[in-house]
Amino acid sequence: MSAVVKCGVKSMSYTATTQLFRLDPVDIDVHLIALAADILRGGGLVAFPTETVYGLGANALDEQAVERIFSAKGRPANDPIIVHIASQLQLTDVAEAIPDKALELAVKFWPGPLTLVLKKHRQIAPNISAQRDTVAVRMPDHPVALALLMTAGIPIGAPSANRFARPSPTSAQHVLDDLDGRVDVIFDGGPTDIGVESTVLDLSGAQPLVLRPGGVPLEALRRFLPDVEFRPQYLTEAAETPAGPGMLLKHYAPSADVRLFNGDKARVMQVMLDTALHLLGEGQRIGILAPDDEALSFSERFELDPRVRIVALGSDLPQIAAHLFAGMRELDNASVATILVHGFGLEGLGLAIWDRLVRAASGRVIQVD
Ligand code: TXA
Ligand code: MG
């Protein structure tokens, strides 16, 4: 499992012989954790499971180690990275001028899928924050991540462990597919639980702002932070509109063209079916991401047509979130040209799912009324 890697974004490259270890989250091998903690302290890269998605970790105090993350991912240097900590107590090593509200939220939601953007502590490597004066920080809720953070004894910068603009990894295999030869150690702790990334909440200004909806629903935040706002263009505009500049970043995107439908369920299913038939008529291979009941009726409709690949995502929002990125990767591996999918509302995890789908569709939504 080794390769020489030349990174396209920067002239430097990071080469590693990747070692993959299976770790049982309920009976963690402390020797393996100690080995990986040493690698992190020495400036290496370790990919590990969290409750959301797999992270690609490096010492957040070491600028060169952080540089290796950007290099391994092919990530632009202007996209800042989340710092992970082992306990609420470590927050003061990472951030300064911490508002009481942040402490309250940390007590309430950590460990868990909430990332807080705060004023950055001077000891944090400047490239983690893409030279901003803020830092994003969270305490993950996963025994492997916590064991590693506690043993390493340093804050760990960790973006999702995918190549830039690929769907986030929810299994160790996804990490290996993207980063073999670019990371020293991958810990396999099984598929991740939540499947979409953490909610990013900016508390560094006067107005609390959700920058990215994620594992902690907006409704849950509002109970503690009634004035929190989340205002992307896709919540205010309907129809087939291109989204704002941030949304045009082709994030979380499979290689296939994603057609995202929205509207009344029965009508949407009919339009998806018509679109599928039309694309098949053009000779395309197509993929469909759908909840279990709809996946079943699409399967019955297309029977054993080898040009149609259908992924059943589950029957409720947590299951759909957990299977979304894996579904996109599965359809990419099946070499479909187009993926058809629809939204699942904006309530609870539905908002984070919608956000990832809009990005995967490069901001285009086909509204069906
Ligand atoms: O669930 C997660 O958050 C996963 C796991 C591994 O913890 N991590 C993750 O990291 O999704 P990443 O790098 O893929 O996404 C980090 C997000 C980006 O949208 C980035 O722009 C934002 O957090 N972010 C990081 N630091 C920031 C800062 N100082 N100010 C504003 N946004 C920041
Ligand atoms: Mg990411």
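The values are calculated or read from the model by the stated rules, or taken from the named source; none is laboratory data. As the structure is a computational prediction, the values presented were derived from the model and not from experiment. Quick reminder, even Gly has a Cβ in these numbers, built from the backbone with ideal geometry, and neighbours come from all protein chains shown.
What the table below lists for this structure:
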{"quantity": "Boolean, ILE156 is touching a His at 6+ places or on another chain (Cβ under 7 Å) and over 25 Å from GLY348 (Cα atoms)", "calculated": "yes"}
{"quantity": "Considering residues of segment 36-69 that are surrounded by fewer than 24 Cβ atoms within 10 Å (Cβ to Cβ) and within 20 Å of ALA172 (Cα to Cα) only, the residue farthest from ligand 2 (Cβ to nearest atom)", "calculated": "ALA37"}
{"quantity": "Boolean, ALA145 is within 11 Å of ligand 1 (Cβ to nearest atom), small (Gly, Ala, Ser) and not in a loop (DSSP other than H, G, I, E, B)", "calculated": "yes"}
{"quantity": "Qualifying residue in segment 108-118 (condition: among the hydroxyl-bearing types (Ser, Thr, Tyr), surrounded by fewer than 24 Cβ atoms within 10 Å (Cβ to Cβ) and either within 9 Å of ligand 1 (Cβ to nearest atom) or closer than 14 Å to ILE156 by Cα (or both))", "calculated": "no"}
{"quantity": "GLY215 vs. criteria within 16 Å of ligand 2 (Cβ to nearest atom) and surrounded by 19 or more Cβ atoms within 10 Å (Cβ to Cβ)", "calculated": "yes"}
{"quantity": "Hey, GLY287 of a type outside the set (Val, Ile, Thr), modelled with pLDDT of 95 or more, in contact with a Lys or Arg (Cβ under 9 Å, 6 or more places away or on another chain) and closer than 29 Å to GLY215 by Cβ or not", "calculated": "yes"}
{"quantity": "One residue from ALA147, ALA130, ALA136 being among the hydrophobic types (A, V, I, L, M, F, W, C), surrounded by fewer than 23 Cβ atoms within 10 Å (Cβ to Cβ) and either farther than 27 Å from LEU32 by Cα or modelled with pLDDT of 95 or more (or both)", "calculated": "ALA130"}
{"quantity": "Residue match in segment 182-194 (condition: over 11 Å from THR52 (Cα atoms), within 16 Å of ligand 2 (Cβ to nearest atom) and in the same structural domain as GLU51 (by TED's automatic domain parsing))", "calculated": "yes"}
{"quantity": "Pick from segment 157-181, criterion surrounded by fewer than 19 Cβ atoms within 10 Å (Cβ to Cβ) and under 14 Å from VAL53 (Cα atoms), ranking: nearest to ligand 2 (Cβ to nearest atom)", "calculated": "ARG163"}
{"quantity": "Top-ranked residue in segment 164-188 [being closer than 20 Å to LEU40 by Cα and in a loop (DSSP other than H, G, I, E, B); ranked as farthest from ligand 1 (Cβ to nearest atom)]", "calculated": "GLY181"}
{"quantity": "Elements of type helices (runs of 4 or more DSSP H) in segment 278-367, at least 1 residues being free of Cβ contacts under 8 Å to residues at least 24 places away in the same chain", "calculated": "292-302, 317-333"}
{"quantity": "Condition met for ARG329 (in contact with a Pro (Cβ under 9 Å, 6 or more places away or on another chain), basic (Lys, Arg) and over 20 Å from ASN262 (Cβ atoms))", "calculated": "yes"}
